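Visitor: Encoded as structure tokens, here's the structure I'll be asking about.
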Amino acid sequence: MKVLSINISEPKKIVFNGKELTTSIYKMPVEESAEISEHGINGDRQADLKVHGGYDKALYGYSFKHYKKWSEDLGVNFKNFGLVGENLTIDNFDEKKINIGDEIRIGNCVFQVSQPRIPCYKLGIKMNNREFPKMFSQSCLLGIYLRVVKTGKISVNDTVEIIKQEPNSLSVFKISELLFKDLTNKGKMKEALNLKYLSEEIKEKFRERLMKLGDFESI
């Protein structure tokens, strides 16, 4: 795997349905390289830290191979990097083969996989399709959020190497399925709650779901 593009943005104001919104989803590629701090890519800022950014979601990576699916499904030839607001456009990774807690080296930096992305309505605005957030979530091809384990510098064309695979974990794809498709699998949700490196945001969603299903053992 390798980095095809590093994408950043400042919050910008847009008008949607007559209302003014602030968003950082319109990421644009940097020319060659970027410095990485514990908060993410220098020069990249999030508009809403409740849903993006922070320790567990310092960077967001997405696979370029998924562009083809969305091009076919939406009838648009998507080529511009940063399509779904990702910081890192990676040529080819499979959410089914990347686990929560896996560590990834890019350049001289090390990152850790914390959770899949949870899409919001602004993704539909970015893609000019109101139905896209639902299509995106149901595909379970949601990309990966990363914590910064080691700061440094990354560059376009850097190799993306999994240097540590977390044993007895669940794949990013499986966590996505539990969030959006496999909604009553209490056993797997409990298994997810025991994952050391799964973000607290996702664990809280599973706790709430289990309570609604009448299972209070994990509270």
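No value in this document is a laboratory result; all are computed from the given coordinates. None of these values were measured; they are calculated from a predicted model. Neighbour counts are summed over all protein chains in view; Cβ atoms, including those assigned to glycine, are modelled from backbone coordinates with ideal geometry.
Visitor: Work out the length of the dipole vector of the range 1-139 about its Cα centre, built from +1 on the beta-carbon of each Lys and Arg and -1 on the beta-carbon of each Asp and Glu, and round it to the nearest 20 debye. The partial results should precede the final answer.
Guide: Details: 20 positive and 18 negative charges, 108 e Å.
With only Lys, Arg, Asp and Glu charged at Cβ, the dipole is about 520 debye.
Visitor: Testing the spin-label approximation: label points 7 Å from Cα along Cα→Cβ at N77 and N92. State their distance in nm.
Guide: Going by the 7 Å Cα→Cβ label model, 2.2 nm.
Visitor: Follow-up. Suppose R0 equals 30 Å; then what is the FRET efficiency for E10 and K186 from their Cβ-Cβ distance, rounded to the nearest 0.05? Don't skip to the end; give the middle numbers.
Guide: Working: r = 43 Å, r/R0 = 1.42.
About 0.10, to the nearest 0.05.
Visitor: Working from the alpha-carbon coordinates of the range 78-135, get Rg over Rh, Rh being the Kirkwood radius. Each step should come with its number before you reach the end.
Guide: Numbers: Rg = 13.6 Å, Rh = 13.5 Å.
That ratio is 1.01, to two decimals.
Visitor: While we're on this one: Check V160: other-chain or 5+ apart residues with amide H under 5 Å from its amide H, H built from backbone geometry?
Guide: Placed amide hydrogens put K2, V3 under 5 Å from V160.
Visitor: Holding the Cα-Cα limit at 21 Å, pick out from K68/K126; K13/K134; K57/K96; K69/K203; K27/K174 the pairs that are longer than that. Please report the intermediate quantities before stating the final value.
Guide: Working: K68/K126 17 Å; K13/K134 24 Å; K57/K96 19 Å; K69/K203 29 Å; K27/K174 27 Å.
Listed pairs above 21 Å: K13/K134; K69/K203; K27/K174.
Visitor: For the pair M211 and K134, what calculated FRET efficiency results from E = 1/(1 + (r/R0)^6), where r is the Cβ-Cβ distance and R0 = 22 Å, to the nearest 0.05? Please list the in-between numbers first.
Guide: Values: r = 24 Å, r/R0 = 1.11.
Once rounded, the FRET efficiency stands at 0.35.
Visitor: Mind listing which GluC sites (Glu not before Pro) in the range 84-141 are in a DSSP loop and have 13 or fewer other Cβ atoms within 10 Å?
Guide: On the way: sites: E86, E95, E103, E131; in loops: E86, E95, E131.
Within the range 84-141, the qualifying GluC sites (Glu not before Pro) (loop, at most 13 other Cβ atoms within 10 Å) are E131.
Visitor: May I pose another question? Test of understanding: given the chain, find the longest segment containing no chymotrypsin sites (Phe, Trp or Tyr not before Pro) that are in a DSSP loop and have at most 16 other Cβ atoms within 10 Å. Walk me through the numbers before you get to the answer.
Guide: On the way: sites that count: Y26, Y55, F216.
Between exposed loop sites, the widest span is 56-215.
Visitor: What is the ratio of the Cα radius of gyration of the range 1-160 to 2.2 N^0.38 Å, where N is its residue count, to two decimals?
Guide: Values: Rg = 14.8 Å, N = 160, 2.2 N^0.38 = 15.1 Å.
My calculation over the Cα atoms of the range 1-160 gives 0.98.
Visitor: Right, next: Under a crude label model (7 Å from the Cα following the beta-carbon direction), how far is Y121 from M28 in nanometres?
Guide: That separation, rounded to one decimal, is 2.7 nm.
Visitor: So, R0 is 22 Å and r is the distance between the beta-carbons of Y55 and K196; what FRET efficiency does that work out to, to 0.05? Show your work: numbers first, answer last.
Guide: Details: r = 15 Å, r/R0 = 0.67.
With a Förster radius of 22 Å, E is 0.90.
Visitor: If you filter the range 48-119 for trypsin sites (Lys or Arg not before Pro), then keep DSSP loop positions with at most 11 other Cβ within 10 Å, what is left? Don't skip to the end; give the middle numbers.
Guide: On the way: sites: K50, K57, K65, K68, K69, K79, K96, K97, R105, R117; in loops: K50, K57, K79, K96, K97, R117.
Of the trypsin sites (Lys or Arg not before Pro), the ones in loops of the range 48-119 whose Cβ has at most 11 other Cβ atoms within 10 Å are K50, K79.
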